[in-house]
Structures are given as C-alpha cells and as structure tokens.
Amino acid sequence: MQYAPRRPARLRSGIAPGVYVHYFARMVKKKLAFVFGVFCATVLLMAVQKPVFLAYYAADAAQASAGEWLGVVWHGLTLDSTVAGYVAALPLLLTLASLWVRLPERIWRRVLNVYFVLIAVLTAAIFAVDVELYRHWGFRLDSTVLIYLADPKEAMASVDFWLGVRQTLLAAAYAALMIWTYRRVVGLFDGEPLRRRAALPWSFGLLLLAGCDFLAIRGGTGASVANVSKVYFSSNMFLNHAATNPVFSFLTTLGDHTDYASEYPFFDEETRAAKFDALRGNGPASGPSERVLTKTRPNVVVVILESFARTVMDADVDGRPVMPNMRRLRDEGVWFENFFANSFRTDRGEVAVLSGFPAQTRMSIMKLPAKSRSLPSLARSLAREGYATSFVYGGDLNFTNQASYMYATGWQQLVWQRDLRFDTPPSDWGYDDAVMCDWFADRVIAQSGTGEPFLAGLLTLSSHRPFDVPFSRFDDRELNAFAFADDCVGRMIDKLRASPAWDDLLVVLVADHGYPWPRSLSYNEPLRHRIPMIWTGGAVAGPRVVEEYASQIDICATILGQLGVAHDDFDYSKDIFAPPPPPQVRVLHLQRRLRRGRCFGRSRLGRHERESGFRDISRPDGRGPYDAANHLYRHRKPLTAGKIPEIRYCGT
C-alpha cells in the first residue's frame, strides 16, 4: 500500500511553522541590530569630538606625536562607551517593550526620533560650549557653567558676537551629523511584536544585553567605576583633557550641589583667621631645619603602606612579632614616635602624604578633579628641581580618580596593573606585594644607574581586605596578611641596601591610614590613627627617634626642607625638623599671669575664672591652654590580643 506524503502542519493563518520561525528570527535580528547600532553609532559620534578638539587647539596638539593623537582617541573610548551605554538604555527598553506591545510602527519611530533629536541637540550644545571654554578654564566642561547661566544676560555680555555665531554653527553641524546618523539607525528598528512563546526567551536575551549595557555604563567589571581617570594616559594634561568626554564630565558633576565652603562654619571669619594663621604650615621658622640627611639632593623613594597601623606593628602573637622587619628598620633609621594619619581611607591618606592637604570628613578631594589638580604636591615641587617622577601600584589607579590626581599634580609616569604582566595571577585588588616590591626594587636600582635624580612612589595592597595572601605565619587572617606585607617590604629594603643605589637613597616608609586592631579599638580613639613612619636609606645620617607630634600632612614640607627646596605653597604642611616660630602674644600674656604667682586648675587662676565667669574656649574645664597632640601620652605596654592598650590624656 502506498501512502501519500504527509503535508506540513499549518497554523490557523495557513502559514507553515518553519516560515514563522524564519520570520521571527528576522524580526529579532533587526531588533538586536538596532540596539547594537545605537551603541556603536554613539561611540563613533563621541569619538569624532577628539580630532575636532585637537584641531581646535592645533598649537597644543602639535607638541604631541601622531601616536599620542591616536592615544587620545583610543583611551577616550572608555568614557565614550559609558556615554553610549546611557544613550542606548532607553532604546533598549523600548525594544524590549516592542516584543510584547503592539503599536503602529510610526509611533515607535516617532518616539525614537524625538529622543535622538534631544540627545543630539544636548550633546552638540555641550561640545560647542566646552571646546571654547577650555581655552579659558583649562579643564573640560562641568556643572560650574550653570552658575554663570543663572544670569543669562550677564553671561552673554561676555560672549563676542562672531564667537557665538561660530560656536552655534559648530553645534548645528554636529547636531545635524548626529541626527542623520541616528535616523539611519532607527531605520533598522522593527516594532512588530512576537508571539508569546517566542517573546519570552528573547526577552531574557535582551535583559542579558541590558546587563552588558550596564557594564558599559559602570566602566567595566573592575573595582573602579567610570571616572575621568580611566582616560588619563599621559603626563601631558592637554592630551588627558582631549581624551575626556565632555558630556560625561558635565553630567557626572550635574548632581553635585554640595556647598563645600559651608561644611565647617564653626567660627566667624575673624576668629577663624586668627586660629588658622597659627596653624599654617608655611609660616616663618626661627631658624634653618635640623639636618638628618648626609646628601642635599638624594633620590627619594616614598612607599605608602596599606593599613600599617602602629598597633599592628607593636603586636606580638605568642612572643612572635607581627612586623619584625618594620621593628628592625625602626631601630636602623629615623623613627617618628608620635605620628598620626589624617583619615581612614587610602585616597585621603595619599593626598595628605603627597600633597600635604588634610582630609575632609564627608568627601574626598581626590574624587574632584577640578579641585585636586590645583593642589601642591611633592612630585611637582621635585619635578621643578629636575627630578624624574614615577608612581607604581599593583592595582587599578582609576579607583577613586587616583590617576587623574597624580597626573595633574606632577607625576610624570604611572605604572599599574594594566601595564604589568607577571606569571603570578593578580588578587582581587591586583598583584600582591611580593611581586610588586621585588619589581619595584629592581626599577629603583635601574633608575639610580641613569645618574638623574628621581622620585619614585609605591603603594602596597596585600594588607587590605580580603587579606588573601600566599603566606602562612599566623592563624589570624588579618595579622597574617600584615606579616606578609611586612616580609615583602623588608625584602625590598634589603635588596636596595645590597645595591649601589643605596648610598644616594632616602626611603620613606609611611602608612596610608591606621587599622582597627585590636578589633575593639573604636574609630574616635587616637590610637586608631597612630601609624609608623620610618626614614631609611644611605642618605640618612644615622638612627634617631623623633618625639615631636606630627601627621601625614607634614611629610612634604619635611622632605623638601631637607632637600633645600621651597615649600611655601604647602599651606598646611610643617617641617618637623624646623625650629618652632617665635611665641605668640597670647603665650606671653599667659607667662605674665604665671609670673604673678597664679596657677591652673583649683588654684587662684581657676577660682578667678570660675567666680568671674571668664572662659577661654581653648581651655577645657578652666585649665591651661590645651593641645590634644602635646598632651597625648601612651604608656608602653605589650599589646595583648583582645585588649586595647592604655591611653592617658594629661594636662601639663
């Protein structure tokens, strides 16, 4: 018996399933092509700004090579992709909605065209204003421009007529290019919905695509999110600015309306000025600084030690020191007994160490490129004296805008994780201290062989959470990581000591901030912020203990003072080895009162002040002039696990 061939099943519409599959696949491809087209077109349109900017400032661009011009475009793609991610977010959501919602094609296209016209006009206006304002401001556009737009009449009064015409034509041409490009991309859009069974899996696919878009907005999968540091690649700040996307620069500052000037209104202006003048770091000294170095212009190495707290350095576990190398180096070099951190975060500690600028309570100046670039810095001061400056970090210098801050403040070369390749895989934060300290020592030795003076910086990272290190000395995970970092630093110093570079080296070992060890140590206790600082190297005259109270902001003035370099631009940094300035009138007045036989506390002076109601806000409880730093005394007792060492405050 012969059977007739089986006819393909047909749907209610009379169309074979295979035809439907092909039809649905074609629709989905068009939808995906539209989303990719929006993203790629936006990246290209943002990249076009770079050569226009370079042409606009041809005189500055001529000082760079063709390779650096390409570097501007290449490195700028990071923030261009971030802006493209923001632009593509709404079209992606509309595409997802079009899988389920049936609307006339013209409505979908009209919504998209209006959206892209707004994007084009806004982007073109930002670019046209930015490219001219850079000539006057020296940085890419941010929300500062809105301050001047508060009075449009006054703002326009300072704009030349033909300049306004030129920038308007530039904006119109750029907007027209963007609109034309986006209209071509919108032509790829297909608003036809899918059947429910087909729409569901493709919806999940678009959600995955939305995740990729989020990564573009975030700036990748690394520890650092999108910020202007991600495009900085050169010691030439003009090239870094050329690589910066002005739309990103403007929008990221748009939501920051914090009035930083009103953060600390504790005194009226007259009182504040009187108190601040006494604290200024660039005031006159009563004589030259005491010399602790044998060289006038040694090579300088600054090693910033992650979380190296004084309590951890003094800790012992079953009679074994956690940081034996730091203790050894303390006895061999200049040891600062009473030294304190300015904050609890690395970004703020770095600014204090490298720029002599105190930390703020609720913000970090490193995250504000418009402000951080105006800070003084050790690198800039030494670069003026002919020093080559470089900084090394095994992690990501884009984190908290570190790269932006360092390039802007005079560090000529930055070397970090993206520039390094080792056999050892990086940890969560980057390459561990064992690899980096050994590599850094070789780098310093090689630099010393050039005969040119240099400043080299290193930031360690292994003594940071999650404390995952290839080392096993203590059961406690945190102390074990500190012991590992100490071992790496000790090996690095020993390697330098065994080299010819040692004789001309000043090596400064200082922590970026303290650490809550023991764990019961609260944040507001002074011991929580006590950190080690050691000066070692062949340029150091000999071991000594410095008893003066000081903090990270005093490092710049102290190093520059030893090198005979002016440090007047450091408003807060004091030279630790400079003799104190002459006594003030207030002190003389106090001495006269003392010579009259009056004393403090429960004596006649105390009774007089209590009976007369006279109070001096600088005195606690009617006692003598109070300085928390000068009255902090710590009894030296062995550190035991789980117990906070005794801290005693004494008024002398």
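To the nearest whole percent, what portion of all C-alpha pairs in region 345-390 is separated by more than 17 angstrom?
On the way: 349 of 1035 pairs.
Here the tail beyond 17 Å accounts for 34 percent of pairs.
Taking Cα atoms of region 270-385, Rg/Rh with Kirkwood Rh, to two decimals?
Working: Rg = 17.8 Å, Rh = 17.7 Å.
Expressed as Rg/Rh, it is 1.01.
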Residue-span extension gain [Asn524 to Ala498] - 0.36 nm each, minus C-alpha spacing: 5.2 nm
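With a Förster radius of 51 Å, plug the Cβ-Cβ distance of Tyr115 and Gln413 into 1/(1 + (r/R0)^6) and report the FRET value to the nearest 0.05.
Working: r = 43 Å, r/R0 = 0.85.
Computed FRET efficiency for Tyr115 and Gln413: 0.70.
Taking every eigenvalue of the Cα gyration tensor of region 460-502, multiplying by 5 and rooting it, what semi-axes result, largest first, whole Å? The partial results should precede the final answer.
On the way: eigenvalues 125, 19, 7 Å².
For region 460-502, the semi-axes come out at 25, 10, 6 Å.
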Residue (of Ala403, Ser374, Ala456) at the positive-pole extreme of region 371-463, dipole from beta-carbon charges: Ser374
Calculated FRET value between Leu420 and Asp277, using beta carbons and R₀ = 51 Å, to 0.05: 0.65
Approximate spin-label separation Lys371-Leu177, in nm, with each point projected 7 Å along Cα-to-Cβ: 3.6
Extension gain, Ala566 back to Glu385 (0.36 nm per residue minus Cα-Cα distance, nm): 64.1 nm
Where Tyr56, Tyr407, Tyr523 fall by accessible area, highest first, once all protein chains stay in place (1.4 Å): Tyr523, Tyr56, Tyr407
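Size of the dipole of region 323-455 about the Cα centre, Lys and Arg at +1 and Asp and Glu at -1 on the beta carbon, nothing else charged, in debye to 20? Can you show the working numbers first?
Working: 14 positive and 15 negative charges, 142 e Å.
For region 323-455, the charge dipole is close to 680 debye.
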For region 46-77 and region 200-240, distance of Cα centres in Å: 22
Theoretical FRET efficiency, 1/(1+(r/R0)^6), r = Cβ-Cβ of Glu452 and Arg291, R0 30 Å, to 0.05: 0.80
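Does region 453-556 come out rounded, prolate or oblate, given a ≥ b ≥ c as the square roots of the eigenvalues of its C-alpha gyration tensor, rounded meaning a/c under 1.5 and, failing that, prolate meaning a/b above b/c? Intermediate values should be presented prior to the final figure.
Working: a/c = 2.31, a/b = 1.30, b/c = 1.77.
Oblate, because a/c is 1.5 or more while a/b does not exceed b/c.
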Label-reachable residues, region 221-245, where backbone N falls under 17 Å from a point 7 Å from Trp74's Cα toward its Cβ: 230-236, 239-244
Check: region 265-364 dipole with +1 on Lys, Arg Cβ and -1 on Asp, Glu Cβ, in debye: 280
Net length gained if the chain between Arg465 and Phe267 were fully extended (0.36 nm per residue, minus Cα distance): 67.3 nm
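Given a cut-off of 32 Å, name the pairs among Lys230/Lys574; Lys275/Lys367; Lys367/Lys574; Lys371/Lys574; Lys50/Lys371 whose C-alpha atoms lie farther apart than that in the structure shown. Intermediate values should be presented prior to the final figure.
Values: Lys230/Lys574 34 Å; Lys275/Lys367 28 Å; Lys367/Lys574 25 Å; Lys371/Lys574 22 Å; Lys50/Lys371 24 Å.
Pairs exceeding 32 Å: Lys230/Lys574.
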Amide H partners (placed H, <5 Å) of Gly281, local residues excluded: Tyr572, Ser573
Percent antiparallel among DSSP beta bridges (both partners in region 317-469, rounded to 5): 10
Label-reachable residues, region 75-115, where backbone N falls under 16 Å from a point 7 Å from Leu207's Cα toward its Cβ: 93-100
Pairwise centroid distance, computed over Cα atoms, of region 294-355 with region 394-409, Å: 22
Accessible area of region 397-516 divided out per residue, in Å², using a probe of 1.4 angstrom: 38
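The values are calculated or read from the model by the stated rules, or taken from the named source; none is laboratory data. Everything quoted here is computed from the prediction, not taken from an experiment. Here Cβ is always computed from backbone atoms with ideal geometry, including for glycine, and neighbour counts include all displayed protein chains. Side chains included, ligands, DNA and RNA excluded: accessible areas come from the protein's heavy atoms. Shrake-Rupley method; radii C 1.70, N 1.55, O 1.52, S 1.80 Å.
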